[in-house]
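**Q** Attaching a single structure in structure tokens format; questions to follow.
The values are calculated or read from the model by the stated rules, or taken from the named source; none is laboratory data. Model, not experiment: these values are computed from the prediction. Cβ: placed from backbone, ideal geometry, glycine included. Neighbour counts: every protein chain shown.
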Amino acid sequence: MILKATDENIKKAAEVIKKGGLVAFPTETVYGLGADALNKEAVAKIFEVKQRPLIDPVIIHISKFGDLEKLGYVDERAIKLAKAFWPGPLTLVLPKKDIVPNIVTAGLDCVAIRMPAHPVALKLIKYSERFIAAPSANLFSKLSPTKAEHVYEQLGDKVDIILDGGKCDVGVESTIIDLTTEKPTILRPGGIPIEEIEKVLNEKIEIAKKAKIKAPGMLKKHYSPKTPLKIMENPKPIKGLKCGLLAFKEEREGFDAIEILSKKGDLKEAAANLYDCLHRLDKANVDIIIAETIPEVGLGRAIMDRLRKAQGL
Ligand code: AMP
Ligand code: MG
């Protein structure tokens, strides 16, 4: 059931969370599929509904800075980053405290925590008086939802309530940074550019090598539309195939469907439109989606990461 995210409906949804149910809700990155993080059975429902393998850990969402240390062991770097970027699209991976159930962390001894910036997400966490475990509200490995309808299309009535808060602003998932090691590493590029994190920590940050799969966002095929996708620097339609184009800023000739990420060539706008454009191209009945390369700076890195995973190479 989709409900408009009014205060009354957020309170209704908070009751569902308290009782161990599932609520899909808007965050500034993508829509999340939430359950009470400390209730194992409730979290298990997330995995069931998403058809997500149990080896894939889930991020816990909090609404107060003080809650960070209830879930994980905090160091100076974590405090600096939380102060600089929360509420916002940055997830911190810290050594976990015992109250966090193993199902949430997929048996890992670290926990991923974030304070989202969306007012509806923050209210839902506050009203439910719980920490909310939430991956993106889509079927495993499929396109992430940036609108309530995207959630309904994939998960339907398996979710107790879908709170409709409109379109997500950032549009790509959070940046995940691993702080369990001496040298912090980026497990997934996302809504906060790495350059900004480097400024705050005053050190160069590595992006984790593919071999060390800690976050499934690091799997080779993920975030993918049903239609095959191919990245091209200079997109041209392929003869004999109906081709859709995912362009950065300009249209090109000869395509059967075209989506433009940002006519201004603005990376922020492009990230916010990414999944919505892919959802539309996926429904446009084309044989292949050709995606134009995006400059790999700032948010461009997160966009290219998602496009490569959608391509599966
Ligand atoms: P999703 O919200 O579905 O985009 O997925 C959440 C991402 O956070 C996944 O790629 C997870 O693997 C990652 N993640 C969640 N918990 C942990 C953790 N404890 N350690 C490392 N990565 C995590
Ligand atoms: Mg996901």
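**Q** Which of the residues belonging to region 15-27 are surrounded by fewer than 21 Cβ atoms within 10 Å (Cβ to Cβ) and either over 19 Å from residue 157 (Cβ atoms) or among the basic types (Lys, Arg) (or both)?
**A** 18, 19
**Q** Right, another one. Please give the number of the condition residue 104 fails out of (1) within 16 Å of ligand 2 (Cβ to nearest atom); (2) assigned to a loop (DSSP other than H, G, I, E, B).
**A** Every listed condition holds for residue 104 apart from (2).
**Q** Quick one: in region 89-120, which of the residues that are of a type in the set (Lys, Arg) and touching a helix residue (DSSP H, G or I) at 6+ places or on another chain (Cβ under 7 Å) is nearest to ligand 1 (Cβ to nearest atom)? Before the answer, list the steps.
**A** So the first thing to find is which residues in region 89-120 are of a type in the set (Lys, Arg), and the list is 96-97, 114.
Checking the rest, the ones that are also touching a helix residue (DSSP H, G or I) at 6+ places or on another chain (Cβ under 7 Å) come to 96-97.
Details: 96: 7, 97: 12 Å.
Across region 89-120, the extreme among qualifying residues is 96.
**Q** Okay, moving on. Can you pull out every residue in region 165-199 that is charged (D, E, K, R) and crowded, with 21+ Cβ neighbours inside 10 Å? Break it down into steps so the answer makes sense when it comes.
**A** We begin by selecting, within region 165-199, every residue charged (D, E, K, R); these are 167, 169, 173, 178, 182-183, 188, 195-196, 198-199.
If the condition is that a residue be charged (D, E, K, R) and crowded, with 21+ Cβ neighbours inside 10 Å, then 173, 178, 188 are the ones that fit.
**Q** Considering region 208-249 alone, what residues qualify as being modelled with pLDDT under 90 and out of contact with any Leu (no Cβ under 8 Å at 6 or more places or on another chain)?
**A** Narrowing region 208-249 to residues modelled with pLDDT under 90: 208-224.
Once the filter is applied, which keeps residues that are modelled with pLDDT under 90 and out of contact with any Leu (no Cβ under 8 Å at 6 or more places or on another chain), region 208-249 yields 209, 210, 211, 212, 216, 219, 221, 222.
**Q** Read through the list (1) surrounded by 24 or more Cβ atoms within 10 Å (Cβ to Cβ); (2) touching a helix residue (DSSP H, G or I) at 6+ places or on another chain (Cβ under 9 Å), then give the number of the only condition that residue 155 fails.
**A** (1)
**Q** Does any residue in region 117-133 that is free of Cβ contacts under 8 Å to residues at least 24 places away in the same chain come within less than 6 Å, Cβ to Cβ, of a residue that is surrounded by 18 or more Cβ atoms within 10 Å (Cβ to Cβ) and of a type outside the set (A, V, I, L, M) six or more places away or on a different chain, and which pairs are these?
**A** From residues that are free of Cβ contacts under 8 Å to residues at least 24 places away in the same chain, there are no pairs.
**Q** Oh, and also: Which numbered condition trips up residue 91, out of (1) within 16 Å of ligand 2 (Cβ to nearest atom); (2) at pLDDT 95 or above; (3) touching a Pro at 6+ places or on another chain (Cβ under 6 Å)?
**A** In the conditions (1) within 16 Å of ligand 2 (Cβ to nearest atom); (2) at pLDDT 95 or above; (3) touching a Pro at 6+ places or on another chain (Cβ under 6 Å), residue 91 misses (3) alone.
**Q** Scanning for something in contact with a Lys or Arg (Cβ under 8 Å, 6 or more places away or on another chain), outside any helix (DSSP H, G or I), modelled with pLDDT of 95 or more and buried (at least 22 other Cβ atoms within 10 Å of the Cβ), does region 38-58 turn up at least one residue?
**A** no
**Q** Only one residue in 161, 125, 177 is out of contact with any Gly (no Cβ under 9 Å at 6 or more places or on another chain) and more than 16 Å from ligand 2 (Cβ to nearest atom). Which one?
**A** Details: 161 fails: out of contact with any Gly (no Cβ under 9 Å at 6 or more places or on another chain); 125 fails: out of contact with any Gly (no Cβ under 9 Å at 6 or more places or on another chain).
Result of the check over 161, 125, 177: 177.
**Q** Check whether at least one residue in region 72-84 is of a type in the set (Val, Ile, Thr), more than 21 Å from the chain's Cα centre (by Cα) and closer than 17 Å to residue 179 by Cα, and report yes or no. Explain how you work it out, then say what you get.
**A** Of all residues in region 72-84, those of a type in the set (Val, Ile, Thr) come to 74, 79.
After this cut, where a residue has to be more than 21 Å from the chain's Cα centre (by Cα) as well, the list is 74, 79.
Among the residues that remain, those that are also closer than 17 Å to residue 179 by Cα are: 74, 79.
Checked region 72-84: at least one residue is of a type in the set (Val, Ile, Thr), more than 21 Å from the chain's Cα centre (by Cα) and closer than 17 Å to residue 179 by Cα.
**Q** Looking at region 16-58 only, could you name the residues that are away from ligand 2 (no atom under 16 Å from the Cβ), acidic (Asp, Glu) and either over 18 Å from residue 128 (Cα atoms) or in contact (Cβ under 8 Å) with a residue 40 or more places away in the chain (or both)?
**A** 36
**Q** Turning to a different aspect of this structure: Does residue 136 fit the bill of being touching a helix residue (DSSP H, G or I) at 6+ places or on another chain (Cβ under 6 Å), modelled with pLDDT of 95 or more and of a type in the set (Ser, Thr, Tyr)? Please lay out each step first, then the result.
**A** Numbers: touching a helix residue (DSSP H, G or I) at 6+ places or on another chain (Cβ under 6 Å): no; modelled with pLDDT of 95 or more: yes; of a type in the set (Ser, Thr, Tyr): yes.
No.
**Q** Take residue 151 and decide whether it is more than 19 Å from residue 55 (Cα to Cα), in contact with a strand residue (DSSP E or B) (Cβ under 9 Å, 6 or more places away or on another chain) and either among the aromatic types (Phe, Trp, Tyr) or within 16 Å of ligand 2 (Cβ to nearest atom) (or both).
**A** On the way: more than 19 Å from residue 55 (Cα to Cα): yes; in contact with a strand residue (DSSP E or B) (Cβ under 9 Å, 6 or more places away or on another chain): yes; either among the aromatic types (Phe, Trp, Tyr) or within 16 Å of ligand 2 (Cβ to nearest atom) (or both): yes.
Against the criterion (more than 19 Å from residue 55 (Cα to Cα), in contact with a strand residue (DSSP E or B) (Cβ under 9 Å, 6 or more places away or on another chain) and either among the aromatic types (Phe, Trp, Tyr) or within 16 Å of ligand 2 (Cβ to nearest atom) (or both)), residue 151 qualifies.
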